[in-house]
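Following: one structure in structure tokens, then a few remarks.
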Amino acid sequence: YAQKTLTARKLWVLLPSTLELIDDSTPDHDVWEILMKSVVTAILKFEDNYGFGLILASSSTNLVTLSGGVTTITYDKVVDMIHAVDDANLQSEDLLEFYGSRSVLGQLRKLKDDNGMPIYSKDSKDHTISGYKFNIIPSMPKTGTISTNTKFLVFGNLKGVFMGDRKSLTFDIGQATG
């Protein structure tokens, strides 16, 4: 294994507010709780954008990406992606999954296998493409924004991708005047 340098980054959010707004919160309408949930949602979106941006820019043997314009998605290309993951990084067939935007999933839903059967299915909770789970990632490229060189679909095992995260987020109310 090669040694990698990890760079720590911090993300902070400043929410200007009045003490009256916080003080006027009720158990049913806790402003601080609403603000924290909004901040956490924004941070998760940032992590998706950053993490999948790095994945799309890298060349990993754990992951296979597809580019070439969304209209070029074919059943054969999906099969090629499934079988292009390096066997040394496979670990388990159960860990292999697709990642893309909802609009790319819409294009994949139209594909049929060599017997004319759809390659898309959905059970009670998961979308699947040829039997592999499809994860909708809102920050991945949408069909209307994909050019010929844009990577828009990822397949593989994210267990081999490292992105550190703290175990918890810290929230604090600071008071500043003037």
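Couple of notes before you dig in:
- Cα lying deepest toward the dipole's positive end in region 84-143, options 120, 96, 107, charges on Cβ: 107
- Long-range amide H partners of residue 111 with built H, under 5 Å: 119
- Restricting region 64-124 to trypsin sites (Lys or Arg not before Pro) in coil, as DSSP defines it, with at most 16 other Cβ within 10 Å: 110
- In sequence order, calculated HN-Hα J values of region 130-139 (Karplus, 6.51, -1.76, 1.60; Hz; x Gly/Pro): 6, x, 9, 4, 10, 9, 7, 10, x, 7
- Packing-based ranking, highest mean first, of 148-158, 127-137 given that Cβ atoms within 10 Å are counted: 148-158, 127-137
- In units of the compact-protein estimate 2.2 N^0.38 Å, region 80-159 shows a Cα radius of gyration of 1.11.
- 15 Å beta-carbon shell around residue 125, net charge (K/R +1, D/E -1): -1
- Within the shell defined by Cβ-Cβ distances under 10 Å, the residues around residue 31 carry a net charge of -4, with Lys and Arg each +1 and Asp and Glu each -1.
- Protection proxy ranking, highest mean first, for peptides 139-146, 25-32: 139-146, 25-32, where packing is the per-residue count of other beta-carbon atoms within 10 Å, averaged.
- Residues whose placed amide H lies under 5 Å from that of residue 101, excluding near-sequence neighbours: 137
- Computed over neighbours whose Cβ is under 13 Å from that of residue 152, the net charge equals +4, Lys and Arg +1, Asp and Glu -1.
- Under 5 Å from the amide H of residue 86 lies no amide H of any residue 5 or more positions distant or on a separate chain, with H modelled from the backbone and absent for Pro and chain starts.
A short reminder: the numbers here are calculations on the coordinates, not readings from a lab. Everything quoted here is computed from the prediction, not taken from an experiment. Don't worry about glycine lacking a Cβ; one is built from the backbone with ideal geometry, like all the others, and counts go over all protein chains shown.
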